[in-house]
Amino acid sequence: VKVRVLKESAPGERRVAATPETVKKLLARGAAVEIESGAGLAAGFVDQAYVDAGGSLVDAGAGDDADVIVCVQAPQAARLQQLKTGATLVGMLNPDADDGRAQAMQSRQLAVFPLEKLPRTTRAQAMDVLSSQAGMAGYKAVLIAAQLAPRFFPMLTTAAGTIRPSRVLIVGAGVAGLQAIATSKRLGAQVEGFDVRPETREQIESLGGKFLDLGVSAAGEGGYARQLTEEERAEQQARLAEHLKSVDVIVCTAAVPGRPAPKIISRAMVEGMKPGSVIVDLAAETGGNCELTEPGQTIDHKGVVVSGPLNLASMGAVHASEMYARNVLNFVSLFINDGQLAFDWDDELLARTRWPQPPSSA
Ligand code: NAD
């Protein structure tokens, strides 16, 4: 079985789907591994390191007869058309987001595994790309906020007087939010967080944050949040508006799977904040938690800076790639053994991740 590691083509994408370490492990499973020249460079892995690990170099896009193709983001439709008929494609493919790509995947009869669709079971944790990448995103979001803020995060006692610590609020306490809380805390801020899943209280507190109780609880299926009802949303909004008047920095991370990001911070709330406050909206990719967020932009709204950075995980490409590559290795190890491809469709990790999902028999 031949595995190919793609050079990413999406603008600004610095990550890579395999590292020299994971290439070695793929070889140990009996696979041959081809790396598209330059694939790892932006993540700190030079071509020679892959060769030293036992991989072989190929030109990006050149004659593609690989059985398994691994990538970070989905390749363009034209690139997909070059893949071998019936090949297996693994990555954060988001196939439903782009008709052209979806058609290309189907016309090549690819076995498509969008890793973002992995069930979030205990066994899947070692392959969970959403978690591994969200950790980096939460970390970077706080650093961006600290960079944009005209204040110190920590408390300082100096001869020129005492500086109060920044008050940081993290909206949403999933994987990214919890890392954002931990990072703000390490920088010395006074940190609060909230989420609609009640179990997050304990998680926030265990990181030294304070749980901001907005009186709304909306745990949904599979450990995720559900969308709030109109009444719940109004209740959350009213309590939050009052609270935000004293907050210096907000980092937004709230998401509901398969839906646009919930709108939590309204224009009026932003206008009620102190000038010099900063909002970093990590949910910008799916529309943002703040009404004023412009994806990919940093704007100033009446003295409040609102930033909507995209693809934060790619900013930390070295570690994000190391973790992503291990996730990919663990996933493909489900079906690459002794140099052979074998799919066990009774394995729910394969069956539930595969795209498109066969129509349910229920
Ligand atoms: P996510 O990115 O889908 O959402 C981020 C957070 O936003 C979630 O905590 C969600 O509850 C919160 N949220 C949604 N709507 C909100 C609102 N209106 N107001 C405030 N907060 C809101 O979630 P995630 O980070 O991917 O993880 C969600 C959960 O799944 C976590 O409990 C995580 O621990 C769990 N998880 C389990 C596994 C596993 O067992 N394999 C792996 C990863 C994550």
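The values are calculated or read from the model by the stated rules, or taken from the named source; none is laboratory data. What you are looking at is a predicted structure, and each value in this text was computed from that prediction instead of being measured. Glycine gets a Cβ as well: all are built from the backbone with ideal geometry, and neighbour counts include every protein chain shown.
Each residue in the range 264-275 was checked for being within 9 Å of the ligand (Cβ to nearest atom) and either surrounded by fewer than 24 Cβ atoms within 10 Å (Cβ to Cβ) or over 23 Å from LEU312 (Cβ atoms) (or both), and 0 of them qualify.
Of all the residues in the range 280-292, those that are crowded, with 24+ Cβ neighbours inside 10 Å and either over 15 Å from ILE144 (Cα atoms) or without any contact (Cβ under 8 Å) to a residue 40 or more places away in the chain (or both) number 5.
As for the range 51-58, it holds at least one residue that is touching a residue at least 12 places away in the same chain (Cβ under 8 Å), part of a helix (DSSP H, G or I), surrounded by fewer than 24 Cβ atoms within 10 Å (Cβ to Cβ) and not aliphatic (A, V, I, L, M). Considering each residue of the range 103-113 in turn, none proves to be surrounded by 14 or more Cβ atoms within 10 Å (Cβ to Cβ), under 13 Å from the mean Cα position of the chain (by Cα) and not polar (S, T, N, Q).
Here ALA149 clears all of (1) more than 16 Å from the ligand (Cβ to nearest atom); (2) farther than 25 Å from LEU240 by Cβ except the condition numbered (2).
Every condition in (1) free of Cβ contacts under 8 Å to residues at least 40 places away in the same chain; (2) surrounded by fewer than 17 Cβ atoms within 10 Å (Cβ to Cβ); (3) among the hydrophobic types (A, V, I, L, M, F, W, C) holds for LEU83 except the one numbered (2). Restricting VAL168, VAL129, VAL196, VAL216 to residues that are crowded, with 19+ Cβ neighbours inside 10 Å, out of contact with any Cys (no Cβ under 8 Å at 6 or more places or on another chain) and within 22 Å of GLU322 (Cβ to Cβ) narrows the list to VAL129.
Can you go through GLN190, GLN236 and tell me which one is of a type outside the set (Phe, Trp, Tyr), within 11 Å of the ligand (Cβ to nearest atom) and closer than 28 Å to GLY276 by Cα? GLN236 is the lone residue from the list that is of a type outside the set (Phe, Trp, Tyr), within 11 Å of the ligand (Cβ to nearest atom) and closer than 28 Å to GLY276 by Cα.
When the range 125-151 is filtered for residues that are hydroxyl-bearing (Ser, Thr, Tyr) and either under 20 Å from ILE250 (Cβ atoms) or without any contact (Cβ under 8 Å) to a residue 40 or more places away in the chain (or both), only TYR139 remains. All conditions in (1) more than 11 Å from the ligand (Cβ to nearest atom); (2) within 13 Å of ALA173 (Cβ to Cβ); (3) exposed (fewer than 15 other Cβ atoms within 10 Å of the Cβ) hold for LYS302, with the sole exception of (2). Checking each residue in the range 173-206 for being at pLDDT below 95 and within 18 Å of ALA137 (Cβ to Cβ) picks out only ASP195. Tallying residues that are small (Gly, Ala, Ser), under 14 Å from VAL70 (Cα atoms) and surrounded by fewer than 19 Cβ atoms within 10 Å (Cβ to Cβ) within the range 1-36 yields 2. When THR253 is tested against the conditions (1) near the ligand (Cβ under 8 Å from one of its atoms); (2) at pLDDT below 95; (3) of a type in the set (Ser, Thr, Tyr), the lone failure is (2). Residue check: SER246 meets all listed conditions (1) touching a residue at least 40 places away in the same chain (Cβ under 8 Å); (2) out of contact with any Cys (no Cβ under 6 Å at 6 or more places or on another chain); (3) crowded, with 16+ Cβ neighbours inside 10 Å but one, namely (3).
Of the helices (runs of 4 or more DSSP H) lying entirely inside the range 298-362, those containing at least 1 residues that are closer than 24 Å to VAL33 by Cβ and more than 14 Å from the chain's Cα centre (by Cα) are 317-332, 348-353.
For first residues located in the range 104-116 and modelled with pLDDT of 95 or more, partners that are small (Gly, Ala, Ser) and surrounded by 19 or more Cβ atoms within 10 Å (Cβ to Cβ) and lie 6+ apart or on another chain with Cβ distances below 6 Å form the pairs LEU110/ALA87. Is it fair to say ILE204 is within 12 Å of the ligand (Cβ to nearest atom), without any contact (Cβ under 8 Å) to a residue 40 or more places away in the chain and aliphatic (A, V, I, L, M)? For ILE204, the condition - within 12 Å of the ligand (Cβ to nearest atom), without any contact (Cβ under 8 Å) to a residue 40 or more places away in the chain and aliphatic (A, V, I, L, M) - is met. Residues in the range 152-177 that are more than 8 Å from the ligand (Cβ to nearest atom) and within 13 Å of ALA254 (Cα to Cα): LEU169, ILE170. Restricting attention to the range 95-144, the residues that are in a helix (DSSP H, G or I) and away from the ligand (no atom under 16 Å from the Cβ) total 14. If you check VAL278 against the conditions, is it hydrophobic (A, V, I, L, M, F, W, C), in contact with a helix residue (DSSP H, G or I) (Cβ under 7 Å, 6 or more places away or on another chain) and away from the ligand (no atom under 11 Å from the Cβ)? The answer is yes for VAL278.
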